[in-house]
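Undergrad: Submitted below is the structure of interest, expressed as structure tokens.
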Amino acid sequence: AQRVTQPEKLLSVFKGAPVELKCNYSYSGSPELFWYVQYSRQRLQLLLRHISRESIKGFTADLNKGETSFHLKKPFAQEEDSAMYYCALISSGSARQLTFGSGTQLTVLP
Amino acid sequence: KAGVTQTPRYLIKTRGQQVTLSCSPISGHRSVSWYQQTPGQGLQFLFEYFSETQRNKGNFPGRFSGRQFSNSRSEMNVSTLELGDSALYLCASSSSGTGNTEAFFGQGTRLTVV
């Protein structure tokens with residue numbers, strides 16, 4: 001069975017400090033991994049996906065298959081980054097089932 | 001283009017009743033998935049429909065059911081409501097439903113069972 005673990009429920013950093021949100025997964029096949037973000041009073045939205053290898057809003061995430069991790073990083077946090085972040089994976093194949101982690105609430109302090 | 005629309009936004013029901021939630025996907029999207037979000041369990045997958053067929057189902061009791069219409073709109077039904085069914089129900093649509101396609105979420109329906 002697939003599983004996504006986000007060990008930190010709450011994370012606070014100061015503005016300008018680096019931030020890393022941890023995500024570990026377990027899946028027997030080749031997963032596709034995502035980070036979703038939910039800003040206050042907004043809908044859940046995709047932040048980035050591992051296959052795109054892109055940087056969105058300064059965030060990057062690298063898939064480490066050896067450590068089964070997909071940590072989200074940003075070198076300099078901004079106050080507007082404060083939000084709930086969910087790591088998610090989707091199984092390969094025809095069915096679309098996103099498995100989410102429990103989420104990390106990031107607060108960037110001024 | 002319009003985003004994913006869920007109606008109603010809020011619902012209050014009593015135990016034992018049944019409820020139907022609606023989701024209108026983004027135009028052209030054929031895949032609709034449903035999720036339950038609670039503080040204790042987080043986001044949990046309910047089921048996914050593609051071209052009117054349920055393709056995948058999560059680990060929820062049979063009281064939770066759904067369907068999809070030919071215009072891709074989807075409904076979710078919960079029968080014999082229990083207090084523990086109180087949650088935010090989210091639906092998400094995507095274009096193909098396979099591979100690395102982005103899922104677009106609605107704002108959710110907040111169901112309270114009293």
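The values are calculated or read from the model by the stated rules, or taken from the named source; none is laboratory data. Computed from a predicted structure; not experimentally measured. Ideal geometry is used to build each Cβ from the backbone, glycine not excepted, and the neighbour counts take in all protein chains shown. Just so you know, the surface numbers come from the protein's heavy atoms only, side chains and all, with ligands and any DNA or RNA stripped out. Shrake-Rupley method; radii C 1.70, N 1.55, O 1.52, S 1.80 Å.
Undergrad: From A:GLN78, A:GLN105, which residue is open to solvent by less than 70 Å² (accessible area, probe 1.4 Å), more than 26 Å from B:SER95 (Cβ to Cβ), within 14 Å of chain B (Cβ to nearest Cβ) and at pLDDT 95 or above? Step through it out loud before you land on a result.
TA: Numbers: A:GLN78 fails: within 14 Å of chain B (Cβ to nearest Cβ).
The match here is A:GLN105.
Undergrad: Another question, if that's okay. Taking B:VAL78, is it within 16 Å of B:THR7 (Cβ to Cβ) and of a type in the set (Val, Ile, Thr)? Step through it out loud before you land on a result.
TA: Values: within 16 Å of B:THR7 (Cβ to Cβ): yes; of a type in the set (Val, Ile, Thr): yes.
When the stated conditions are applied, B:VAL78 passes them.
Undergrad: Is there any pair with a first residue in region B:2-13 that is more than 12 Å from chain A (Cβ to nearest Cβ) and a second that is hydrophobic (A, V, I, L, M, F, W, C) and not in a strand (DSSP E or B) whose Cβ atoms are under 8 Å apart and which are 6 or more apart or on different chains, and what are they?
TA: Once the first residue is more than 12 Å from chain A (Cβ to nearest Cβ) and sits in region B:2-13, its partners that are hydrophobic (A, V, I, L, M, F, W, C) and not in a strand (DSSP E or B) give B:ALA2/B:ILE26; B:ILE12/B:VAL114; B:LYS13/B:LEU81; B:LYS13/B:VAL114.
Undergrad: Which of the residues belonging to region B:41-80 are at pLDDT 95 or above, open to solvent by 20 Å² or more (accessible area, probe 1.4 Å) and assigned to a strand (DSSP E or B)?
TA: B:SER65, B:GLY66, B:ARG67, B:GLU75, B:ASN77
Undergrad: As an exercise: evaluate B:TYR35 against (1) away from chain A (no Cβ under 12 Å); (2) open to solvent by less than 40 Å² (accessible area, probe 1.4 Å) and give the number of the one condition it does not meet.
TA: (1)
Undergrad: Return yes when A:SER91 is within 12 Å of chain B (Cβ to nearest Cβ) and open to solvent by 40 Å² or more (accessible area, probe 1.4 Å) and no when it is not.
TA: Numbers: within 12 Å of chain B (Cβ to nearest Cβ): yes; open to solvent by 40 Å² or more (accessible area, probe 1.4 Å): no.
Taking the combined requirement at face value, the residue does not satisfy it.
Undergrad: Could you please let me know if B:GLU102 is among the acidic types (Asp, Glu) and either assigned to a strand (DSSP E or B) or in contact (Cβ under 8 Å) with a residue 40 or more places away in the chain (or both)?
TA: Working: among the acidic types (Asp, Glu): yes; either assigned to a strand (DSSP E or B) or in contact (Cβ under 8 Å) with a residue 40 or more places away in the chain (or both): no.
For B:GLU102, the condition - among the acidic types (Asp, Glu) and either assigned to a strand (DSSP E or B) or in contact (Cβ under 8 Å) with a residue 40 or more places away in the chain (or both) - is not met.
Undergrad: Would you tally the residues in region B:105-114 being surrounded by 14 or more Cβ atoms within 10 Å (Cβ to Cβ), assigned to a loop (DSSP other than H, G, I, E, B) and either of a type in the set (Gly, Ala, Ser) or more than 14 Å from chain A (Cβ to nearest Cβ) (or both)?
TA: Residues that pass the stated criteria total 2.
Undergrad: Specify which of the listed residues (A:LEU48, A:LEU72, A:LEU63, A:LEU44) is within 10 Å of the chain's Cα centre (by Cα) and more than 18 Å from A:SER12 (Cα to Cα).
TA: Details: A:LEU72 fails: more than 18 Å from A:SER12 (Cα to Cα); A:LEU63 fails: within 10 Å of the chain's Cα centre (by Cα); A:LEU44 fails: within 10 Å of the chain's Cα centre (by Cα).
Result: A:LEU48 is the single residue among A:LEU48, A:LEU72, A:LEU63, A:LEU44 that is within 10 Å of the chain's Cα centre (by Cα) and more than 18 Å from A:SER12 (Cα to Cα).
Undergrad: Scan the strands (runs of 3 or more DSSP E) fully inside region A:1-75 and keep the ones with 3 or more residues being away from chain B (no Cβ under 11 Å), open to solvent by 30 Å² or more (accessible area, probe 1.4 Å) and hydrophobic (A, V, I, L, M, F, W, C). If you could, list the steps in order and put the result at the bottom.
TA: Working: elements: A:3-5, A:10-14, A:19-21, A:24-26, A:32-38, A:45-49, A:72-74.
Correct list: A:10-14.
Undergrad: Go through (1) of a type outside the set (Val, Ile, Thr); (2) modelled with pLDDT under 90; (3) closer than 30 Å to B:ASN59 by Cβ one by one and return the number of the condition A:ASP62 breaks.
TA: Of everything listed in (1) of a type outside the set (Val, Ile, Thr); (2) modelled with pLDDT under 90; (3) closer than 30 Å to B:ASN59 by Cβ, A:ASP62 misses just condition (3).
Undergrad: Would you be able to tell me the number of residues in region B:67-103 that are in contact with a Pro (Cβ under 8 Å, 6 or more places away or on another chain) and within 12 Å of chain A (Cβ to nearest Cβ)? Break it down stepwise before answering.
TA: Filtering region B:67-103 for residues in contact with a Pro (Cβ under 8 Å, 6 or more places away or on another chain) gives B:72-74, B:91, B:93.
With within 12 Å of chain A (Cβ to nearest Cβ) added as a condition, the list becomes B:91, B:93.
Number of matching residues: 2.
Undergrad: Of the residues that make up region B:27-38, is at least one small (Gly, Ala, Ser) and farther than 26 Å from A:GLN2 by Cα? Steps first, please.
TA: We begin by selecting, within region B:27-38, every residue small (Gly, Ala, Ser); these are B:27-28, B:31, B:33.
Restricting the remaining residues to those that are farther than 26 Å from A:GLN2 by Cα gives B:27-28.
Yes; the residues of region B:27-38 include at least one that is small (Gly, Ala, Ser) and farther than 26 Å from A:GLN2 by Cα.
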